[in-house]
Structure formats: structure tokens, C-alpha cells
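Chemist: Quick one: the structure is below, and I'll ask about it shortly.
Derivation of every value follows stated rules applied to the coordinates shown; laboratory data play no part. Fair warning: this is a prediction, and the values are worked out from it, not measured in the lab. Backbone-built Cβ (ideal geometry, glycine too); neighbour counts: all protein chains shown.
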Amino acid sequence: MAGCELDSLEETLETHLPEAELREVKRILFGKQTEKLDLPACAVDAASERNFELKGYKFEATQEQLRPPRKVRVGLVQNHIVLPTDAPVLDQINAMHSRIGEIVEVAAMCGVNIVCFQETWTMPFAFCTREKEPWTEFAESAEDGNTTHFCQELARKYNMVVVSPILERDEQHSTLWNTAVVISNSGNMLGKTRKNHIPRIGDFNESTYYMEGNTGHTVFQTQFGRIAVNICYGRHHPLNWFMYSMNGAEIIFNPSATVGALSEPMWAIEARNAAIANHCFTCAINRVGTEHFKSEFTSGDGKKAHHDFGHFYGSSYVAAPDGSRSPGLSRTRDGLLVVELDLNMNRQISDKWSFKMTGRYAEYAEELSAAVRHDFKPNIVKE
């Protein structure tokens with residue numbers, strides 16, 4: 001079976017393993033079993049009619065004596081592009097708005113409080129082609145662009161926080177950025193955060209379009225908890241997750257665009273590791289499908305020119321600070337993953353494992369300050 005035809009690891013295990021073995025394998029792979037969330041029949045029917053996968057799970061925290069539960073529902077959206085990459089720019093954007101609109105309506109039926117879309121969701125992931133036209137035409141103002149106005153309407157209509165990763169056009173500085181816009185459930189723009197780490201690996205050399213962000217590790221206080229957005233390649237950098245956590249993030253979203261041959265063995269590990277290490281929830285989101293481009297491009301690796309990057313494998317999931325994680329969405333289908341979190345778990349796990357209390361941050365800071373100097377000498381003892 002070709003890799004891109006495998007729908008999901010979970011379905012393969014469920015098809016081939018006896019029930020008793022399946023439970024044990026899932027415990028080892030995914031940690032404590034995540035309970036299924038009972039979703040409304042109207043939402044299940046609507047997802048079926050609109051041809052996208054709908055899954056729901058919940059993470060339960062221990063009942064406390066002094067704090068009531070802090071339950072929040074997050075929605076993770078993964079999807080194909082709707083139109084071919086050579087369709088008119090405005091047609092592609094409008095088609096994406098329409099598709100996301102119908103998925104978010106189902107999210108609202110499921111009681112989602114915070115929804116997050118995939119990286120640069122309004123366009124093909126064209127940055128690796130290194131062509132400027134027409135791809136820079138997809139760039140929009142984070143404050144006043146059509147996509148932000150569209151998301152503000154969704155937020156007001158459904159009383160939902162919307163995390164909208166776009167290609168941002170910063171007219172004031174004549175700069176493009178890879179940016180996530182955060183819209184409050186009131187419909188107001190709460191702020192924006194920019195991609196901190198830009199890949200330079202294989203096809204994914206994105207510095208032709210944008211460079212490292214300049215907004216630091218911003219955390220947004222919403223009605224439903226403190227959230228941060230660690231865009232795509234930042235997930236490979238443990239200190240990036242760490243700094244969002246140090247700024248108080250309770251949920252960190254990781255909207256991405258990544259293909260199987262490059263990163264799939266790492267995908268199920270990184271966001272989960274970050275949830276464990278930082279005593280917070282993490283939400284990993286990847287697009288699906290293979291996006292074909294008219295012009296060939298190369299990776300500078302001696303291989304033949306090609307028209308696509310490979311298969312975006314979806315598999316979006318949520319990880320909890322106790323080391324457990326939800327099953328993932330499909331590798332091949334559009335999908336909405338609805339997960340109910342009890343944010344009380346963050347402090348409960350922190351009290352149990354005490355990673356932040358036992359971290360030697362002053363010592364790390366001192367040694368890192370020395371390590372970035374031009375005259376740094378590693379602390380190695382030799383005979």
C-alpha cells in the first residue's frame with residue numbers, strides 16, 4: 001500500500017488487532033485512553049453531507065475541592081485546497097472561505113470555543129516553488145484583510161475564538177510575514193503572532209517569502225483560557241514551545257504544512273513531548289492532499305525537478321500534559337477534530353512532576369548567554 005493511501009494508523013490497528021491487544025497497544029502508543037466525546041447527531045450528519053471527517057474526544061482532569069473544572073472545547077481543522085493552484089487568486093480565496101465556513105458551522109454545533117485552521121489556510125502552500133507570482137497576491141493585511149473580516153464574522157456569529165494563520169502583507173514595512181491572527185469571540189482582533197523559525201530544508205526553504213518573526217512569544221488571554229500559536233517549523237525547537245509556556249500559555253496551537261517523506265515519523269512525537277515538558281495542552285494541525293504546481297521546481301539536492309512537494313498527511317491531534325493524546329484525524333481526508341480539555345489538568349500535572357520547579361533556568365540562561373558569544377568554548381574536560 002502506498003504511503004499516501006493509508007488513511008490512518010488508528011484504523012489500521014483497529015482493523016488488524018484483537019480487542020485485548022488493541023487496548024494495550026493504544027495504551028503504549030497514546031497513553032491513558034482518551035474518552036470519546038458525544039457529538040450532536042446534527043453535526044455528524046452535516047459533516048457527512050459536507051464530506052469531512054468529524055471526531056470528538058475529551059481529557060478529564062481530577063475533580064478538585066477548591067477549583068471547579070475549567071472545560072474548554074477546541075476545534076482543529078485540516079483540509080485540502082479547494083481549487084487547482086492555477087485558478088484565479090480571488091476564486092481560490094473565496095472557495096477556501098466557503099469550505100472553512102461550512103466546517104466551522106459544524107464546530108459551532110459541537111460547542112467549540114476555540115477553532116484553529118492550518119498554516120496559511122487561504123492558499124496553496126506555494127512558498128517552496130520560490131516563484132513570487134501569483135503567490136504574493138494571496139498576502140493580506142492582518143488587521144483589515146478580507147480573511148480577517150471573514151473570521152471576525154464567524155467569531156461573532158458563533159461566540160468562538162478563531163485562530164487564522166495567513167500570509168500577512170505588512171504595507172507599513174513593505175514586508176511579508178507568516179502570521180497567525182487571533183480573533184476574540186467578541187469579534188475583535190485580539191492580536192497577531194508571527195512564525196519564529198523559518199525552515200531551510202529540502203523543498204521547504206521559505207525565506208524567499210518571509211523571514212523569522214519579530215513578535216516574540218506572544219500569549220493571548222481569551223475568555224476560554226490563555227493560548228499561543230507556535231507556527232509550523234517552530235515545533236522542532238523545544239525552547240520555542242518552552243517560551244510560550246513561560247509566558248503563561250495553557251493551550252499551544254501548532255498550525256502546520258508538512259509532508260510525509262520529510263517529517264511524518266516526528267509528527268506524533270513533537271507536540272506530545274511539548275505538552276509533557278511544559279505542563280500544557282498542545283494542538284498539532286496539518287493540511288491534507290498533494291498540491292500540484294504548473295511550473296517545475298527543484299530542491300537544490302541534485303534530484304529531478306518536480307511539480308509537488310509530496311503528500312500532506314493530516315493526522316491532526318491534541319496532546320495533554322499527562323502524556324496522553326487523542327487519536328489523529330485521517331491522513332487523506334478533510335476533517336474537524338473536537339476535543340474537550342479541562343485546563344485544571346495543567347496545574348495538577350505540574351504539581352505531580354514539577355518540571356518547571358526543578359528546572360535550572362538561571363543556570364541555563366547563564367550558559368546559553370555564553371554559548372551564543374563568538375568566543376564560546378564548550379565545557380569539555382579532556383585528559
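Chemist: Separation between the residue 98 and residue 186 pseudo-spin-labels, each 7 Å from Cα along Cα→Cβ, expressed in nm?
Modeler: The modelled label-to-label distance comes out at 3.4 nm.
Chemist: Which net charge results when you count Lys and Arg as +1 and Asp and Glu as -1 among the other residues whose beta-carbon is under 13 Å from that of residue 324?
Modeler: On the way: positive: 26, 27, 32, 58, 272, 325; negative: 35, 60, 322, 342.
Net charge around residue 324: +2.
Chemist: Expressed as cubic angstrom per residue, what is the convex hull volume of the alpha carbon set of the range 277-383?
Modeler: 236
Chemist: Sticking with this structure for a sec: Specify which residue in the list 225, 336, 248 is farthest towards the positive end of the charge dipole of the range 224-383, using unit charges on the beta carbon of Lys, Arg (+1) and Asp, Glu (-1), about the Cα centre.
Modeler: 336
Chemist: Mind checking the dipole of the chain: about its Cα centre, +1 per Lys or Arg Cβ, -1 per Asp or Glu Cβ, Debye to the nearest 20?
Modeler: 1020
Chemist: Along the three principal axes, how long is the chain when you take its alpha carbons, biggest first, rounded to the nearest angstrom?
Modeler: If we take the Cα atoms of the chain, the spans are 66, 57, 47 Å.
Chemist: For each of 280, 116, 42, count neighbouring Cβ atoms within 10 Å of the residue's Cβ, then give the residues from fewest to most.
Modeler: 42, 116, 280
Chemist: What does DSSP give for the chain in terms of the percent of beta bridges that are antiparallel, rounded to the nearest 5?
Modeler: Working: 37 of 59 bridges.
Given both bridge residues lie in the chain, the antiparallel proportion sits at roughly 65 percent.
Chemist: Still on this structure, please answer the following. What residue among 343, 17, 54 has the largest mean-square fluctuation in a Gaussian network model of the chain, using Cα springs under 10 Å?
Modeler: Of 343, 17, 54, the most mobile in the Gaussian network model is 17.
Chemist: For residue 193, what charge total do you get from the other residues with a beta carbon under 15 Å from its beta carbon, if Lys and Arg give +1 and Asp and Glu give -1?
Modeler: Working: positive: 192, 194, 195, 226, 235; negative: 119, 143, 168, 170, 212.
Residues near residue 193 contribute 0 overall.
Chemist: What spacing in nm lies between the two simple spin-label points modelled at residue 381 and residue 25, each 7 Å away from Cα in the Cβ direction?
Modeler: The answer from the label model is 4.7 nm.
Chemist: Using a 10 Å cut-off around each Cβ, can you sort 287, 331, 373 from fewest to most neighbouring Cβ atoms?
Modeler: Ascending number of Cβ neighbours within 10 Å: 373, 331, 287.
Chemist: Can you check what the net charge comes to around residue 141, using other residues whose Cβ is under 13 Å from the Cβ of residue 141 (Lys, Arg +1; Asp, Glu -1)?
Modeler: Computed value for this residue: -4.
Chemist: Separate question: Which entries in 26/352; 36/356; 55/352; 32/55 show an alpha-carbon gap greater than 21 Å? Numbers along the way, then the final one.
Modeler: Details: 26/352 24 Å; 36/356 31 Å; 55/352 30 Å; 32/55 18 Å.
Over 21 Å apart, Cα to Cα: 26/352; 36/356; 55/352.
Chemist: A further question follows. Which values of log₁₀ I(q)/I(0), to two decimal places, follow from the Debye formula for the range 120-174 at q = 0.16, 0.23, 0.31 Å⁻¹ with a uniform point scatterer at every Cα?
Modeler: For the range 120-174, the Cα-only Debye profile gives -0.54, -0.92, -1.25.
Chemist: Separation between the residue 153 and residue 295 pseudo-spin-labels, each 7 Å from Cα along Cα→Cβ, expressed in nm?
Modeler: Using points 7 Å along Cα→Cβ, the separation is 3.3 nm.
Chemist: Ok, one more. Rounded to the nearest 5, what is the percent of antiparallel bridges among the DSSP beta bridges in the range 140-269? If you can, show how the numbers build up before the last one.
Modeler: Details: 19 of 23 bridges.
Once the DSSP bridges in the range 140-269 are tallied, antiparallel ones form about 85 percent.
Chemist: Quick check for me: using +1 on Lys/Arg Cβ and -1 on Asp/Glu Cβ, what's the dipole size of the range 1-135 about its Cα centre, in debye to the nearest 20?
Modeler: Its charge dipole is roughly 720 debye.
Chemist: What's the extension gain from residue 215 to residue 32 if we count 0.36 nm per residue and subtract their Cα-Cα distance?
Modeler: My answer for the length gained is 62.3 nm.
Chemist: Just the number, please: Stokes-Einstein D of the range 1-57 in µm²/s, Kirkwood Rh from C-alpha pairs, 25 °C, 0.890 mPa s.
Modeler: 181
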